[in-house]
Amino acid sequence: QCQLNGLWRNDQDSLMEISVLRDNGDFQGQYLTRVTLSGGCAQISPLRGAQQQPGEEGWPTFAFTVRWDKFSNATTAFVGQCFVDAGGKETLRTMWLLREAVESLEEDWKATR
C-alpha cells in the first residue's frame, strides 16, 4: 500500500510535504520549489488535494493544487498515482499544468504551461 503522507523529493530537487491526510482522502501540506518563474529564491507554498481511496490492492490516484502566491501570480494543478516497486520503494508519477496570470485575453495563449 502506498502512503502519500510524508516528505517527497522530485527530479528537480523540489520538496513536497503532505502533513495531513484525512480518512476521506483529503490532504494538505506544503511545496518548496527549486524552479521559479521569477528566478527568485525558492519559497514554501501551500498545497491542497484529494486522494482516490484505493482498494486493498490498489495504488491511489490523487490530485492537488499549489498556489505560488508568495513569489508568482500562478497556480499549478498536479494529477498522479502512487506506485510501490518490488523492493518497497514508493514513487509518485505526476503530470502538471501551470497557469500564470496574463494582462489580457489576447495573451491567454501563453498563460498555461
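Only the coordinates and a few stated rules stand behind these numbers; no lab work does. In this text the structure is predicted, and so the values were computed from the model without any measurement. Here the Cβ positions follow ideal geometry from the backbone for every residue, glycine too, while neighbour counts run over all protein chains shown.
Got a sec? Which of TRP96, TRP109 is among the aromatic types (Phe, Trp, Tyr) and more than 17 Å from the chain's Cα centre (by Cα)?
Every option except TRP109 fails the conditions.
Taking only pairs six or more apart or across chains, which ones have beta-carbon atoms under 6 Å, a first residue in segment 18-33 that is over 11 Å from ASN5 (Cα atoms), and a second residue that is among the β-branched types (Val, Ile, Thr)?
The qualifying pairs are GLN30/ILE44; TYR31/VAL66; LEU32/ILE44.
So how many residues does segment 79-113 have that are surrounded by 12 or more Cβ atoms within 10 Å (Cβ to Cβ) and among the acidic types (Asp, Glu)?
Count: 2.
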